Amino acid sequence: MRSRETLGLLLGFVGVVIFGATLPMTRIAVPFLDPVFLSAGRAAVAGLVAVAVLAALRRRPPPIAAVPRIALASLLLVGGFPVFSGFAMQTVPASHGAVVIGIMPLATAVLGALLLRERPSPAFWLAAVIGSAIIVVFSLRDGGGRIQPGDLLLVGAIASASLGYVLSADLSRSMPGWEVISWAVVIALPVSIPLAWATAPADVAAVPAAAWAAFAYLGVMSQYLGFFAWNAGLAMGGVSRVSQVQLLQTFVTFGIAALVSGERVDMWTWLAAVAVCAVVLVGRSARIRKQ
């Protein structure tokens, strides 16, 4: 059991590294690509890749009973999170967005406890609250003590992703995690392709290559392959425990934003990273009871 949980945590971390580049890549793309096109286009790219993968492996359609939950996960992860985060990245830096989204592990853990009958111990909740509190303090510090307008959009992104993660984890208990995200993006194709076509830039050649490269990353990695590892990790290690690994995503994003966008990351950020790592380790050892 312990080895299975450890593998789940490792897979979750792989997903976190892939997802950690999402906001910096979105930040690179939004000055040149409409957020609606960016959201619909990345979903369309992921959906077309998924069609090819499912056809090559000759996978059967999911059970009829699972389709409503896959559709809801698709609405949240393929629609909600990209749209909210895309518009947010027009108004706040990627590093700030990473700080606010850092409370997502706590939101995911709460929903996992409520919906999947996981019962974390008080020590787990204490670790989760402390870790999220560190992130919130960073958010207020970055905004000069105020909540910025983009923060409200990021709250919508958090709510969408957290519920989508829980639904995906639940589905991953009865079918492979990579199939869950594959069918989620395929189900979205009748909407994503026409919407992407309607909102595409008038002059494709005028969009810099860096923006298109960021768009490709969002479609193939953030919207599709990242979920292969993340869904499997949540299913193997448990939503409450593995979701806490996502506390590290904030600092992965800081590092990537510094590399690709030149965003400055000060000493206090790295000190907080050490504190959050310690909190994740405490959460890792806390007991979680499943009903």
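What to note about this one:
- From the list Leu114, Leu126, the one residue that fits, being surrounded by 14 or more Cβ atoms within 10 Å (Cβ to Cβ) and not basic (Lys, Arg), is Leu126.
- From the options Val186, Val191, Val180, Val166, residue that is in contact (Cβ under 8 Å) with a residue 60 or more places away in the chain, over 30 Å from Arg117 (Cα atoms) and in contact with a helix residue (DSSP H, G or I) (Cβ under 8 Å, 6 or more places away or on another chain): Val191
- Restricting attention to the stretch 196-211, the residues that are closer than 24 Å to Gly20 by Cα and open to solvent by 70 Å² or more (accessible area, probe 1.4 Å) total 1.
- Here the helices (runs of 4 or more DSSP H) wholly within the stretch 1-69 that include at least 2 residues being open to solvent by 50 Å² or more (accessible area, probe 1.4 Å) and in contact (Cβ under 8 Å) with a residue 24 or more places away in the chain are 2-20, 35-56.
- Residue within the stretch 173-181 that is out of contact with any strand residue (DSSP E or B) (no Cβ under 8 Å at 6 or more places or on another chain), part of a helix (DSSP H, G or I), under 18 Å from Val78 (Cα atoms) and among the aliphatic types (A, V, I, L, M) present: yes
- Gly283 vs. criteria part of a helix (DSSP H, G or I), of a type in the set (Gly, Ala, Ser), open to solvent by less than 60 Å² (accessible area, probe 1.4 Å) and at pLDDT 80 or above: no
- The listed residue being modelled with pLDDT of 80 or more, outside any loop (DSSP other than H, G, I, E, B), out of contact with any Cys (no Cβ under 8 Å at 6 or more places or on another chain) and within 17 Å of Pro93 (Cβ to Cβ), out of Ala272, Ala229, Ala205, Ala214: Ala214
The values are calculated or read from the model by the stated rules, or taken from the named source; none is laboratory data. These numbers come from a predicted model, not from an experiment. Quick reminder, even Gly has a Cβ in these numbers, built from the backbone with ideal geometry, and neighbours come from all protein chains shown. We work out accessible area using only protein heavy atoms, side chains counted, and drop any ligands, DNA or RNA first. Shrake-Rupley method; radii C 1.70, N 1.55, O 1.52, S 1.80 Å.
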